[in-house]
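Okay, structure first, notes after.
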């Protein structure tokens with residue numbers, strides 16, 4: 001439904017963004033969504049690149065690293081909902097998707113955008129797990145994806161895509177002011193990832209933080225009104241409310 005809405009607005013290229021740690025289970029949802037989007041967009045060969053080097057997520061020989069650790073040694077193997085116990089994204093995706101899984105290696109990526117384009121467009125239908133270890137790699141992949149109806153990856157995969165539309169005369173470059181909304185704000189956090197737990201710890205060094213005690217919620221002694229009261233009392237202290245926890249919790 002979201003894809004159809006975007007097409008109705010005139011969108012020419014769809015980006016399916018998922019987490020750079022590929023959070024999912026053997027049932028999906030990344031593989032089934034890719035299958036559905038590829039069929040809807042008639043996109044036989046689709047880039048799959050969760051790499052986000054700026055955040056320490058890189059893909060090499062089909063294996064996803066979080067900084068200097070394989071995905072399954074990064075702490076993500078303990079995630080309570082989507083434990084990532086296999087760093088080989090080709091295997092992970094093959095267990096979820098009906099479309100065959102292919103591979104574009106880093107050795108092909110560094111040959112440049114034309115080599116990537118050839119690999120992308122020549123061959124049988126496939127979801128193509130694509131290596132990337134630097135932002136430059138993502139740029140090469142993005143340029144190669146010009147004209148592709150469907151691209152997928154972490155948010156870094158979109159870095160070079162505007163370049164293609166500017167080159168084609170369909171968009172203009174240049175910086176614009178980010179939109180801003182006046183008024184107070186609050187931060188609501190639910191993720192249990194290691195990165196999120198670190199962000200919460202850093203935030204509470206200086207600002208107001210409220211953990212949600214899940215047993216209190218289940219007992220009915222804590223509810224939305226309590227959270228709103230905390231936020232309202234701390235509007236000048238960037239209030240953060242979280243239900244995150246470590247794996248044992």
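Please treat every number below as a calculation from the coordinates, not as lab data. These numbers come from a predicted model, not from an experiment. Don't worry about glycine lacking a Cβ; one is built from the backbone with ideal geometry, like all the others, and counts go over all protein chains shown.
Size descriptors for segment 79-146 (Cα atoms only): Rg and Dmax, in that order, 13.4, 41 Å. Springs between Cα atoms under 10 Å define the GNM used for the chain, and in it the highest mean-square fluctuation of 166, 157, 141 occurs at 166. Using a simple spin-label model with pseudo-atoms 7 Å out from Cα toward Cβ, residue 95 and residue 27 lie 1.4 nm apart.
What is the order of 215, 135, fewest Cβ neighbours within 10 Å to most? Could the numbers behind the result be given before it?
On the way: 215 8, 135 14.
Lowest count first: 215, 135.
Just report the Cα centroid separation between segment 136-151 and segment 180-249, whole Å. Here the answer is 38 Å between Cα centres.
Taking other C-beta atoms within 10 angstrom as a stand-in for reagent exposure, 11, 3 fall in the order 11, 3, fewest first.
How far, in degrees from 0 to 90, does helix 194-203 lean away from the longest principal axis of the Cα atoms of the chain, to the nearest 10? Computed tilt is about 40 degrees.
Backbone N atoms of segment 37-71 closer than 19 Å to the 7 Å Cα→Cβ label point of residue 202 belong to residues 52-58, 66-69. Could you list log10 I(q)/I(0) for segment 187-242 at q = 0.17, 0.19, 0.22 Å⁻¹, which the Debye formula gives when each Cα is one point scatterer? Log10 I(q)/I(0), no solvent term: -0.56, -0.69, -0.88.
Rounded to the nearest 10 degrees, the inclination of helix 135-144 to the longest alpha-carbon principal axis of the chain is 50 degrees. With viscosity set to 0.890 mPa s at 25 °C, what whole-number translational diffusion coefficient in µm²/s follows for segment 142-245 from Stokes-Einstein and a Kirkwood radius over Cα pairs? Once the numbers are plugged in, D ends up at 140 µm²/s. Per residue, the Cα convex hull of segment 51-185 amounts to 161 Å³. Once the Cα atoms are used to define both axes, helix 30-41 deviates from the longest principal axis of the chain by about 50 degrees.
What translational diffusion coefficient, to the nearest whole µm²/s, does segment 1-118 have by Stokes-Einstein, given a Kirkwood radius computed over alpha-carbon pairs, a temperature of 10 °C and 1.306 mPa s viscosity? Mind dumping the intermediate values first?
Details: Rh = 15.4 Å.
Taking Rh from Cα pairs, D becomes 103 µm²/s.
Ranking of 110, 189 by neighbouring Cβ atoms within 10 Å, starting from the fewest: 110, 189. Between 227, 41, 127, the GNM of the chain built on Cα springs shorter than 10 angstrom shows 227 fluctuating the most. Both radii were evaluated on the Cα set of the chain; the Rg over Rh quotient, with Rh as the Kirkwood radius, amounts to 1.02.
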